[in-house]
Amino acid sequence: MPVLRTLLAIPLAATLFCMFPGSSTMLAAPATDATLPLLVTEGKAPAAALLAREGRTTRFVRTGPTIRRTDHFRAGSITKSFIATVVLQLAAEHRLHLSDTVDDHLPGLLRDHSVSLHSLLTHTSGLPDFTARTHGTIPESPRTAVQLAESDQPIPRDHWSYSNTNYVVLGMVIGQVTGHSYATEARRRIIEPLHLTGTSFPGTRTTLPTPHGRAYDATGDDVTTLNPRVAGAAGELISTLTDLNRFYTALLK
């Protein structure tokens with residue numbers, strides 16, 4: 001997916017299983033503003049969107065001549081960390097179980113009625129990536145995204161294979177369980193409690209809030225103006241370095 005792959009961060013679902021706080025299902029604001037390199041040190045989770053390795057050193061990725069901590073940018077698949085956090089909070093509240101199948105919540109959505117929420121979180125569901133068809137440039141409804149994915153050759157189950165379709169489906173499950181959109185739940189459970197003032201789910205808004213830099217895909221094309229529905233729950237998020245630092249500090253502490 002040319003647009004999103006440039007912005008991707010490998011989702012932290014596996015890390016979340018180990019670090020999700022049992023005492024509360026709402027994230028608390030961290031006491032200190034720790035730095036993002038915690039993700040590749042204490043957190044042991046690579047984050048390709050914000051950190052890049054050059055030889056033996058790690059540096060912040062820059063788009064254009066500089067990126068300030070308050071600049072807005074499309075966070076791409078870091079969205080998946082927010083979605084996974086909401087799902088795990090719902091599991092902690094016993095409103096769903098990770099062993100549930102998608103069919104338990106959305107009967108008939110998938111041809112394979114045995115796909116579990118756990119397999120969606122960990123990219124072992126066997127669902128193909130719908131963006132192989134859309135190339136990350138065509139906005140589709142969640143159900144159409146699922147249909148596009150299922151029109152491709154299925155992937156062997158229980159083998160890890162990165163697929164944006166997994167998190168599109170999780171976004172639908174959140175909506176079914178809560179009666180609210182995944183964006184509404186993420187705002188209520190994560191964005192507002194942590195005071196992430198530069199973070200938003202823009203829906204179909206194609207522009208970035210100010211201040212912002214320019215965004216480019218892997219081919220060098222300017223994608224600053226983009227319909228976020230090309231990814232939906234798999235990559236819709238807009239954020240800032242300050243906010244993501246705060247989010248991951250709270251999540252990984």
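Peptides 74-81, 214-221 ranked from most to least packed by the mean count of surrounding Cβ atoms within 10 Å: 74-81, 214-221.
In this simple spin-label model, placing a label point 7 Å from the Cα along the Cα-to-Cβ direction at both S151 and R188 gives a separation of 3.5 nm. Computed from the C-beta positions of T207 and S161, the FRET efficiency with R₀ = 35 Å rounds to 0.55. Our coupling estimate for the range 189-206, obtained by passing each phi through the Karplus curve with A = 6.51, B = -1.76, C = 1.60 and θ = phi - 60°, is 8, 10, 5, 6, x, 8, 6, 7, 6, x, 10, 7, 9, x, x, 9, 5, 8 Hz, Gly and Pro reported as x. Computed over the Cα atoms of the range 179-249, pair by distinct pair, the Kirkwood hydrodynamic radius stands at 13.2 angstrom. A cut-off under 15 angstrom between Cβ atoms defines the neighbours of H97, and their net charge, with Lys, Arg +1 and Asp, Glu -1, is -3.
Values in this text are rule-based calculations from the coordinates and carry no lab data. Small disclaimer: the values here were computed from a predicted structure and weren't measured. Every residue, glycine among them, receives a Cβ derived from its backbone with ideal geometry; neighbour counts consider all protein chains shown.
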